[in-house]
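The values are calculated or read from the model by the stated rules, or taken from the named source; none is laboratory data. Here the structure is a predicted model, which means the values were calculated and not measured. Cβ sites come from the backbone with ideal geometry, for glycine too, and all protein chains shown count toward neighbours.
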Amino acid sequence: MRFSIAGDTRRNTHYADKPNEDLFWFELELGTAMVLDGVTRDREDGRYPNPSPARLACEAFAGAASAALFRSSAEMAPSERLLLAVQAGNAAVAHANAGFPSAFLPGTVGVLALVCGSALHYAYVGDCNGLLIAGGRVSYFTVPQTAEVHRRKHEFTTHEIRTQICNNASHACGYGVWNGQAEAADFLRCGTVPLAAGDRVLLCTDGLEPFLASLPAEELAALSSETLLTRAMAFEKPEGWMDDRTAVLITALD
């Protein structure tokens, strides 16, 4: 199957000093792509840290994961190639975090995709989104992992959420972050989406959720690939600021 890949990103519109902590990467020849969303830290002395620890975690993960995908054999199962990539990425974050002076470790969430034949294989941790746009319909193949902790956040301190619930699969509100901890693997979710000519797959950070919520599914599905990315990046909520937002769009051509 032939396909095209395009991506774009925009920095948040809330804080002048907060860098874009999203990242995207794709390689058309490999048929692989990823979007990452760095986990923002607190301000220090009234300003965001510079360089951003979350951005550095994204860069470490992306560099190692993409290198692992390049090294892996096309004869391997796609799920195995993705597993090697996320393992390499998380190990790189662990290395970058060595000696970090806080229990709240820099990290990233994200979704990786690999197209093989007439199917897209994916692996994700956290709240980045994966959507299949096919036959005039939109369906998600990812599930946000922090929904329960957000629903019950009044029950916990910020410190508990960051250090005791993060990467804790035994907690009812547990959620995953690639921050170098081995326990992030407990939150890895993988799967396969069949593709046909004309189908599209949108990978995006949660900063795009206001845009996605603003359109009926049939209207979103009717947008051309170029228009979809353009409108997604230009969208602004009428009531206020936008988070970092990043998307990669994979289009099956035939």
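Data overview
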item: Qualifying residue in segment 12-21 (condition: free of Cβ contacts under 8 Å to residues at least 40 places away in the same chain, touching a helix residue (DSSP H, G or I) at 6+ places or on another chain (Cβ under 7 Å) and not β-branched (V, I, T)); result: yes
item: Where Y122 falls short, out of the listed (1) hydroxyl-bearing (S, T, Y); (2) under 30 Å from A222 (Cβ atoms); (3) in a loop (DSSP other than H, G, I, E, B); result: (3)
item: Unique match (being within 17 Å of the chain's Cα centre (by Cα), crowded, with 22+ Cβ neighbours inside 10 Å and over 18 Å from G126 (Cα atoms)) among T108, T32; result: T32
item: Among (1) surrounded by fewer than 23 Cβ atoms within 10 Å (Cβ to Cβ); (2) in a helix (DSSP H, G or I); (3) not aromatic (F, W, Y), the one test that G89 misses; result: (1)
item: Segment 57-86: number of residues that are buried (at least 19 other Cβ atoms within 10 Å of the Cβ), modelled with pLDDT of 95 or more and hydroxyl-bearing (S, T, Y); result: 1
item: Residue within segment 41-49 that is modelled with pLDDT of 95 or more and surrounded by 18 or more Cβ atoms within 10 Å (Cβ to Cβ) present; result: no
item: Scope segment 96-127; condition free of Cβ contacts under 8 Å to residues at least 40 places away in the same chain and of a type in the set (G, A, S); matching residues; result: A98, G99, S102
item: Filtered residue count, segment 1-42, keeping only those that are in a strand (DSSP E or B) and either touching a His at 6+ places or on another chain (Cβ under 6 Å) or acidic (D, E) (or both); result: 4
item: Those residues of segment 191-208 which are buried (at least 24 other Cβ atoms within 10 Å of the Cβ) and at positive phi, in sequence order; result: none
item: Matching option when the condition is buried (at least 16 other Cβ atoms within 10 Å of the Cβ) and under 17 Å from the mean Cα position of the chain (by Cα), among L220, L188, L228; result: L188
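To keep it simple, each residue is scored yes or no on (1) out of contact with any His (no Cβ under 6 Å at 6 or more places or on another chain); (2) of a type outside the set (D, E, K, R); (3) over 18 Å from V35 (Cα atoms).
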site: H154; (1), (2), (3): yes, yes, yes
site: G176; (1), (2), (3): yes, yes, no
site: E183; (1), (2), (3): yes, no, yes
site: A213; (1), (2), (3): yes, yes, yes
site: A217; (1), (2), (3): yes, yes, yes
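Results for (1) without any contact (Cβ under 8 Å) to a residue 12 or more places away in the chain; (2) surrounded by fewer than 20 Cβ atoms within 10 Å (Cβ to Cβ), shown as yes or no for each residue.
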residue	(1), (2)
N129	no, no
I133	no, no
F141	no, yes
R152	no, yes
Q164	yes, yes
S170	yes, yes
C173	no, no
W178	no, no
